[in-house]
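Undergrad: This is the structure, below, for whatever I ask next.
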Amino acid sequence: MFEWFSNRFTDPSAVALVLGLRFLTYAASTWLTAAAVGLRSRLTALSSGLTVASIVLMVLILHPEGLPNSASSLDMLVHLTFPVIAGYAVYSNPSDRRWVGVALLVLSTLFFFTVLLVLYADGP
């Protein structure tokens, strides 16, 4: 089912690990948003929806028969919205621990953005 993935990259396990860590930061962002404004808030729903959308976009962009590489711009835009959403949620209900979480989220977002640039630049 995922032969295309292992044939495309020199070290597919390293790429899969980095992408898995990226999606864990999305889950942490959604959790941080839910902790700040509640599980049933619109911001939490938006963060959850963007997580799913980013995962689907990434798979479709990396798949050889999927979306063109130009769609990676949309995925990068979605990627950059996570700290904005979490930051707004924490701003509306602040605590010191949540601000530390937002700071760590911003750092991880910048790191994974750099990884995305390299990964998508290596595309078809």
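The values are calculated or read from the model by the stated rules, or taken from the named source; none is laboratory data. Predicted model, so just to flag it, every value in this text is computed and none were measured. Please note: Cβ atoms are built from the backbone with ideal geometry, for glycine as well, and neighbour counts cover all protein chains shown.
Undergrad: When only residues in the stretch 78-124 that are free of Cβ contacts under 8 Å to residues at least 60 places away in the same chain and among the small types (Gly, Ala, Ser) count, which is nearest to Gly38 (Cα to Cα)?
TA: Per the stated criteria, the residue is Ala89.
Undergrad: Restricting to the stretch 100-122, name every residue that is closer than 24 Å to Pro68 by Cα and either at pLDDT 85 or above or surrounded by 15 or more Cβ atoms within 10 Å (Cβ to Cβ) (or both).
TA: Listed by number, the residues that qualify are Thr109, Leu110, Phe111, Phe112, Phe113, Thr114, Val115, Leu116, Leu117, Leu119, Tyr120.
Undergrad: Does Leu62 fit the bill of being over 24 Å from Leu107 (Cβ atoms) and crowded, with 19+ Cβ neighbours inside 10 Å? Can you show your working first?
TA: On the way: over 24 Å from Leu107 (Cβ atoms): yes; crowded, with 19+ Cβ neighbours inside 10 Å: yes.
Yes; evaluated as a whole, the condition is true for this residue.
Undergrad: OK, next. Test Ser95 against the criterion of being closer than 18 Å to Ile55 by Cα and not acidic (Asp, Glu), and give yes or no. It would help to see each step written out before you state the result.
TA: Numbers: closer than 18 Å to Ile55 by Cα: no; not acidic (Asp, Glu): yes.
No.
Undergrad: For Asn7, which of the numbered conditions (1) at pLDDT 90 or above; (2) of a type outside the set (Asp, Glu); (3) assigned to a helix (DSSP H, G or I) fails to hold?
TA: Checking Asn7 against (1) at pLDDT 90 or above; (2) of a type outside the set (Asp, Glu); (3) assigned to a helix (DSSP H, G or I), the one that fails is (1).
Undergrad: For the structure I just gave you, tell me whether Val52 is under 14 Å from the mean Cα position of the chain (by Cα) and loosely packed, with under 13 Cβ neighbours inside 10 Å.
TA: So Val52 fits the description; yes.
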